[in-house]
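Here's the structure we're looking at; comments come further down.
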Amino acid sequence: MIKDKTLIVGATPNPTRYAFSAAEFLQRAKKEFIPISIKRGEVLGEPILDLREKPRLEGIHTITLYLNAKHQEEWEDYLLSLQPERIIFNPGAENPSLFKKALAQGIEPLNACTLVMISSGQY
């Protein structure tokens, strides 16, 4: 299976939020993304999946987090079960516990900024 999708965790329809900007940057870079959150709505025509339902997803290469560590706790096992290649902990989303769990499962954890990574060609 080809892993080429980015899961935006903490997605929002609010265009003033960084999670929304990440979707814009990914779309411009022609990267497929899936928004997921406890919020409803859509992002650039993509419906926001309900994180509470823990939908079965395949082909996730990258998880980019826009939730702080406290709000990640409930979803850690679910996110790791998606077996991404990497997890990006954007500023404010750093989580040493999940970082270590990802490493232990062979997932590359990065304390980085998705927007900067895309803009600088590091994505």
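In table form, for the structure just shown:
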{"read-out": "The stretch 73-100, subset among the polar types (S, T, N, Q) and surrounded by 19 or more Cβ atoms within 10 Å (Cβ to Cβ), residue nearest to Leu110 (Cα to Cα)", "value": "Asn90"}
{"read-out": "Candidate set: the stretch 18-56, residues that are among the aliphatic types (A, V, I, L, M) and in a strand (DSSP E or B); chosen: the one surrounded by the fewest Cβ atoms within 10 Å (Cβ to Cβ)", "value": "Leu49"}
{"read-out": "First in the stretch 106-123 and closer than 18 Å to Tyr66 by Cβ, second anywhere and among the small types (Gly, Ala, Ser) and part of a loop (DSSP other than H, G, I, E, B), Cβ under 9 Å, 6 or more apart", "value": "Asn111/Ala93; Ile118/Ala29; Tyr123/Ala29"}
{"read-out": "For Asp4: the one exception among (1) surrounded by 14 or more Cβ atoms within 10 Å (Cβ to Cβ); (2) closer than 22 Å to Tyr123 by Cβ", "value": "(1)"}
{"read-out": "Looking only at the stretch 57-67, and only at residues there that are of a type outside the set (S, T, N, Q) and under 15 Å from Ile88 (Cα atoms), the one that is surrounded by the fewest Cβ atoms within 10 Å (Cβ to Cβ)", "value": "His61"}
{"read-out": "Test: Ile8 is free of Cβ contacts under 8 Å to residues at least 60 places away in the same chain, out of contact with any Ser or Thr (no Cβ under 8 Å at 6 or more places or on another chain) and under 15 Å from Thr114 (Cβ atoms)", "value": "no"}
{"read-out": "Subset of the stretch 67-123 [closer than 20 Å to Arg17 by Cβ, in a loop (DSSP other than H, G, I, E, B) and not hydrophobic (A, V, I, L, M, F, W, C)]", "value": "Asn68, Asn90, Pro91, Gly92, Glu94, Asn95, Tyr123"}
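Quick note: the coordinates plus some simple rules give every number you see, no bench work behind them. Keep in mind that what you see is a predicted model, and the values were worked out from it rather than measured. For neighbour counting, all protein chains shown are included, and Cβ atoms are generated from backbone atoms with ideal geometry for every residue, glycine included.
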